[in-house]
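K.L.:
Encoded as structure tokens, here's the structure I'll be asking about.
The values are calculated or read from the model by the stated rules, or taken from the named source; none is laboratory data. Quick caveat: nothing in here was measured; it's all calculated off a predicted structure. Glycine gets a Cβ as well: all are built from the backbone with ideal geometry, and neighbour counts include every protein chain shown. What goes into the accessible areas is simple: the full protein's heavy atoms, side chains included, and nothing from ligands, DNA or RNA. Shrake-Rupley method; radii C 1.70, N 1.55, O 1.52, S 1.80 Å.
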Amino acid sequence: FDDYRRDDGNPEEHHRAGAPGQGNRTSGVVTLRRMLASARARMISVMDVVVHTSLREGLARVLPQSLAMGKPCVSFDIDGAPEVVINDSTGYLVEPFDSVGLADRIAKILENDELRREMGETGRRLVDPAFRAETMVDQISEVYQMLLNKFPERISNFDRKQAKSTLRPAGVSNPNEVV
């Protein structure tokens with residue numbers, strides 16, 4: 001995730017070179033699937049908007065990665081997308097298969113530089129630091145610690161069962177059984 005907060009080049013330079021963006025919007029469709037992270041980050045850095053039209057994916061990594069780079073997103077309203085794509089804030093959610101709605105939302109962002117910048121900045125603030133590896137590890141650790149504190153007897157029972165099973169010779173199901 002940290003790689004996506006860094007900008008791998010000057011997007012305006014990429015725009016002038018004919019990459020997706022200002023003045024060349026019709027030829028600017030790029031598929032990011034199966035691309036190396038560094039290449040994906042470079043591609044996202046020159047995009048004006050990231051469009052995600054998957055029909056089944058938990059929280060697609062490209063959404064928080066794009067928002068971390070300050071890019072607004074338009075996504076089908078599926079699975080985990082609403083966690084980061086917030087209508088009128090970080091981008092737009094569109095019902096699956098609604099190509100007219102999808103095109104309308106993409107155009108709305110592309111036609112308004114200020115809206116695009118505001119959504120991008122709001123998205124960046126939403127995902128950073130919330131989606132940093134350190135933050136997620138800390139949150140998971142807190143959940144584990146809460147469970148350890150809430151169910152100490154279960155942990156101790158589990159520990160005793162594990163200790164007994166590691167002391168048994170291979171193939172012996174009953175520790176009192178003589179081989």
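K.L.:
Considering the range 88-106 alone, what residues qualify as being assigned to a helix (DSSP H, G or I) and surrounded by 13 or more Cβ atoms within 10 Å (Cβ to Cβ)?
P.N.:
Residues of the range 88-106 that are assigned to a helix (DSSP H, G or I), as a first pass: 99-106.
Once the filter is applied, which keeps residues that are assigned to a helix (DSSP H, G or I) and surrounded by 13 or more Cβ atoms within 10 Å (Cβ to Cβ), the range 88-106 yields Gly101, Leu102, Ala103, Asp104, Arg105, Ile106.
K.L.:
Val85: free of Cβ contacts under 8 Å to residues at least 60 places away in the same chain, part of a loop (DSSP other than H, G, I, E, B), hydrophobic (A, V, I, L, M, F, W, C) and touching a Phe, Trp or Tyr at 6+ places or on another chain (Cβ under 8 Å), yes or no? Working first, answer last.
P.N.:
Numbers: free of Cβ contacts under 8 Å to residues at least 60 places away in the same chain: yes; part of a loop (DSSP other than H, G, I, E, B): yes; hydrophobic (A, V, I, L, M, F, W, C): yes; touching a Phe, Trp or Tyr at 6+ places or on another chain (Cβ under 8 Å): yes.
Spelling it out, Val85 is indeed free of Cβ contacts under 8 Å to residues at least 60 places away in the same chain, part of a loop (DSSP other than H, G, I, E, B), hydrophobic (A, V, I, L, M, F, W, C) and touching a Phe, Trp or Tyr at 6+ places or on another chain (Cβ under 8 Å).
K.L.:
Quick one: is Val84 modelled with pLDDT under 95 and either open to solvent by less than 70 Å² (accessible area, probe 1.4 Å) or farther than 19 Å from Pro129 by Cα (or both)?
P.N.:
Details: modelled with pLDDT under 95: yes; either open to solvent by less than 70 Å² (accessible area, probe 1.4 Å) or farther than 19 Å from Pro129 by Cα (or both): yes.
So Val84 passes the test.
K.L.:
Would you confirm, using the coordinates I've provided, whether Ser156 is under 30 Å from Ala130 (Cα atoms), hydroxyl-bearing (Ser, Thr, Tyr), at pLDDT 65 or above and open to solvent by less than 90 Å² (accessible area, probe 1.4 Å)? First the steps, then the outcome.
P.N.:
Values: under 30 Å from Ala130 (Cα atoms): no; hydroxyl-bearing (Ser, Thr, Tyr): yes; at pLDDT 65 or above: yes; open to solvent by less than 90 Å² (accessible area, probe 1.4 Å): yes.
No.
K.L.:
Quick check: is even one residue across the range 118-133 over 15 Å from the mean Cα position of the chain (by Cα), of a type in the set (D, E, K, R) and in a helix (DSSP H, G or I)?
P.N.:
yes
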